[in-house]
Every structure is written in structure tokens, then in C-alpha cells.
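Here the structure is laid out as C-alpha cells; the discussion comes afterwards.
No value in this document is a laboratory result; all are computed from the given coordinates. None of these values were measured; they are calculated from a predicted model. No Cβ is skipped: glycine too gets one built from the backbone with ideal geometry, and neighbour counts run over all protein chains shown.
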Amino acid sequence: MEGGNQHESLLYEKLDNNKVKCRACSHYCILKENDLSLCNVKKNLNGVLTSLVNNKPVALNIDPIEKNLFFIFYLDLFLYL
């Protein structure tokens with residue numbers, strides 16, 4: 001395998017002439033040698049389907065635990081007036 005984050009995918013089928021069929025989604029891409037899948041996250045390397053995005057985050061988000069507390073306090077203030 002080339003690179004540090006590339007690992008063999010689990011959901012694929014080996015075909016003849018170093019082709020592979022990806023079964024990770026409903027596209028069922030058939031990839032020749034060194035081809036990328038339709039989603040650009042899988043690649044055929046020497047007849048082995050590898051994942052190019054292993055150990056990479058899908059999304060990063062700073063999400064506070066407490067949300068809109070002042071709004072709730074302010075709303076309750078109007079309800080009791």
C-alpha cells in the first residue's frame with residue numbers, strides 16, 4: 001500500500017485483470033488499475049481497493065453544551081409578567 005493513511009477496504013469484490021468492484025454504496029463502481037471511485041475516496045492499487053480517507057475526520061464543529069440559556073430565561077421572564 002502506498003502512503004500512510006491508505007488501508008484495504010472491506011466492501012469490495014476482486015475481478016479479473018486487477019479490476020475491483022466497490023460495494024460500499026449503490027454506485028457499485030468497477031475500477032481499473034489506479035482508478036478512483038465516483039466518490040473519490042477509494043482507489044484500486046494493484047487489484048486491492050484501498051480507502052484514501054482512513055483516520056481522517058469527516059466533520060469538525062465546535063458545539064457548546066449549553067445552548068440558548070439566556071433565551072429560555074428571557075422567555076420565562078415574559079411568561080410570568
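Take peptides 42-55, 18-31 and line them up by average Cβ neighbours within 10 Å, highest first, as a rough protection proxy.
In descending order of packing, they fall as 42-55, 18-31.
Counting only other residues whose beta carbon sits under 13 Å from that of residue 35, what net charge do I get with K and R as +1, D and E as -1? Result for the neighbourhood of residue 35: +4. So, counting K/R as plus one and D/E as minus one, what does the shell of residues with Cβ under 12 Å around residue 13 add up to? That sum, taken over residues with Cβ under 12 Å, equals +3. Placing +1 on the Cβ of every Lys and Arg and -1 on the Cβ of every Asp and Glu, with nothing else charged, gives the range 1-54 a dipole about its Cα centre of roughly 140 debye.
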